[in-house]
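Notes to accompany the following structure.
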Amino acid sequence: MLINILETAFNLIFTLNENLIEIISLSLKVTLSALIISVSISIPFGAFLVFYKNKLQSFIVLVSNTLMGMPPVVLGLIIYTLVSKKGIFGFLDILYTPSAMILAQTLLISPIVISLTYEEIFKKNKQYSLLLNSLNLSNFSKLKTLIYESRYALLTVTLTGFGRASAEVGAVMIVGGNINHFTRVMTTAIAHETSKGSIELAVALGFILLLISFIITLLIKSLRKIS
Amino acid sequence: MNILPLKINNLNYSINGNKILRNIDISCNEKNITIIAGNNGSGKSTLLKILHGLIKVPKNTIKWGNFSISKIKKNQSMVFQEPILLNRTTYENLTYVSRKKNINDKSYVDKIIKRLNIKDISNINTKYISGGERQKVAIAMSIIGNPKIIFFDEPTSQLDPSYKNEIENIISNLSNSETKIFMTSHDISQIKRIGKEIIFLDQGEIIYHNTVEKFFSEKHCDLIKNYINYG
């Protein structure tokens, strides 16, 4: 039986099954969009926090560190209450759309990106602050230099964010609704197909997720070696 | 811009209640090499960092000519005991500093490379060069823009005699070309070779300030005597 399942699953992958490709494309579209939004805001923000040492900064770092471990279902629930018809952002009308899923994944990975960026830039600032202060640079100029000097580590942070977002199921299930051909992504499809007993598609998607995870791990390893 | 005389007026500096520098009064008039000497923990590096503006002290405590530190910061640079270099090639480190000092002429960096004789390592990432070479790159970075004052914090303490000699020559040449040098050093023979003026610190206080020539000819307290004998 297991052999039959694997055979069908691989068949789906190698014949580029339309349904499978659609789910993978939407997953990548949602995750990459969330990643781009999160990284372009969270990396500068996390780096900026290094230069402003006060109580607010300490509080933001603490909150960010705490939110790193936030259960995705809780986040999904919070976003659901905010964007549902009766919620304060109900007028946006994004519940059960890919936009809501992008929002959920962005909020899920941002604390991770902020915290890891802060840690990395903090380390680099310690290493280079005497030189940068000696050159009499503005904070903006120092920030650019530190981000550039941390480029490989920040790529690793980005990949960590991608890994977290692509493997997430709870939040996107709640705010996306797992609607076929519209908001069904790899993780929600695996849960759905398994509960239905149609395990072949779930196994095929599982393989793709594992492959993505493997590629990310490989890239992180290489980047760590370079940096 | 006249950066001399340097006048330090009753400088005190503490960290968490520990007095690092006490009642420092200095007047320096000569564009030569001033050595700041003293035992470990005497406050040499702190004094250097304060003079360079890396540690803030009350306004008007330090005057360079008629200017405050912030006004002449662009005319100063510093070479640290452990060279601080970016994770880039030697050439990229130098272009980085020249860009930050608004020097966009590419041939300028080539001239600095030639002057410091570091062509061989110009395309190598500074992670992979030796300690002596790293210090030469740090010095090359410090002379970009022809600063009027350069601070050296024990620049040769971790180097072999050959690099020590090379770097001493570079520092002497800089001094001859009208750059005021402040340098901390533990090395008595080095102080003798290149120093012109010496400030000796003990537990944050100046206990001797005169020419190097007089420093080695006069009679001293036990502390300085031991320093000279075992340094």
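Bear in mind these aren't lab numbers, they're just calculated from the coordinates by the rules spelled out. Bear in mind the structure is a predicted one, so any value in this text is a computation, not a measurement. Counting neighbours? That spans all protein chains shown, and the Cβs are built from the backbone with ideal geometry, glycine included.
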Review point. Rounded to the nearest 0.05, what FRET efficiency do A:LEU62 and A:LEU210 have when you use their Cβ-Cβ distance and R0 = 35 Å?
Key: 0.50
Review point. Counting only pairs 8 or more places apart or on different chains, how many lysine pairs in segment A:2-226 have C-alpha atoms closer than 18 Å?
Key: 12
Revision key, fill the gap. The convex hull of the Cα atoms of segment A:20-60, divided by residue count, gives a volume in Å³ per residue of 60 Å³
**Study point:** For segment B:132-203 versus segment B:1-58, the gap between their alpha-carbon centres in whole angstrom
**Key:** 17 Å
Check your understanding: So for A:ARG164, A:ARG184, A:ARG224, fewest C-beta neighbours within 10 Å to most, what's the order?
Key -> A:ARG224, A:ARG164, A:ARG184
**Study point:** Vicinal HN-Hα couplings computed from phi for segment B:89-101 (Karplus, 6.51 cos²θ - 1.76 cosθ + 1.60; Hz; Gly/Pro x)
**Key:** 6, 4, 4, 5, 4, 5, 5, 4, 5, 5, 5, 5, 9
Practice item. Using only the Cα atoms of segment B:57-107, build the gyration tensor, take square roots of its eigenvalues as a ≥ b ≥ c, and label the shape rounded, prolate or oblate: rounded if a/c is under 1.5, else prolate if a/b is larger than b/c, else oblate. Key: oblate
Review point. Which loop-located GluC sites (Glu not before Pro) does segment B:135-186 contain, where loop means any DSSP state but H, G, I, E or B and the Cβ has at most 13 other Cβ atoms within 10 Å?
Key: B:GLU178
Exercise for review: Express as a percent, rounded to the nearest 5, the fraction of DSSP beta bridges in segment B:99-231 (both residues included) that run antiparallel.
Suggested key: 55 percent
Exercise for review: Quote the charge dipole size of chain A about the Cα centre in Debye, to the nearest 20; the model charges only the Cβ of Lys and Arg (+1) and of Asp and Glu (-1).
Suggested key: 1040 debye
Revision key, fill the gap. Expressed as a whole-number percentage, the relative contact order of segment A:2-226 with C-alpha contacts under 8 angstrom and at least six residues apart is 32 percent
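Would chain B count as rounded, prolate or oblate if I go by the C-alpha gyration tensor, calling it rounded below 1.5 in a/c and otherwise prolate when a/b exceeds b/c, oblate otherwise?
prolate
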Practice item. Measure off 7 Å from each Cα along the Cα-to-Cβ vector at B:LYS74 and A:SER138, then give the distance between these two points in nanometres to one decimal. Key: 1.3 nm
Review point. From the phi of every residue in segment B:211-221, what ³J(HN,Hα) in whole Hz does the Karplus formula 6.51 cos²θ - 1.76 cosθ + 1.60 yield, where θ is phi - 60° and glycine or proline is x?
Key: 6, 5, 4, 5, 4, 8, 9, 7, 8, 10, 5
Study note, to complete from the structure: For B:MET78, other-chain or 5+-apart residues with amide H closer than 5 Å (H placed, Pro excluded) are B:PHE151
Point to revise | Proximal lysines relative to B:LYS219, as straight alpha-carbon distance under 23 Å, when same-chain residues fewer than 8 apart are discounted | key: B:LYS44, B:LYS192, B:LYS196
Revision key, fill the gap. Looks like chain A, by Cα gyration tensor root eigenvalues a ≥ b ≥ c and the a/c under 1.5 rounded cutoff (else prolate when a/b is bigger than b/c, oblate otherwise), is oblate
**Study point:** Potential extension, B:ASN9-B:ASN40 segment - 0.36 nm per residue separation minus Cα distance
**Key:** 8.8 nm
Check your understanding: Between B:ASP222 and B:ASN66, what is the FRET efficiency for a Förster distance of 35 Å, r being their Cβ-Cβ separation, to the nearest 0.05?
Key -> 0.30
Practice item. Could you work out how far the C-alpha centroid of segment B:98-126 sits from that of segment A:152-190, in angstrom? Key: 47 Å
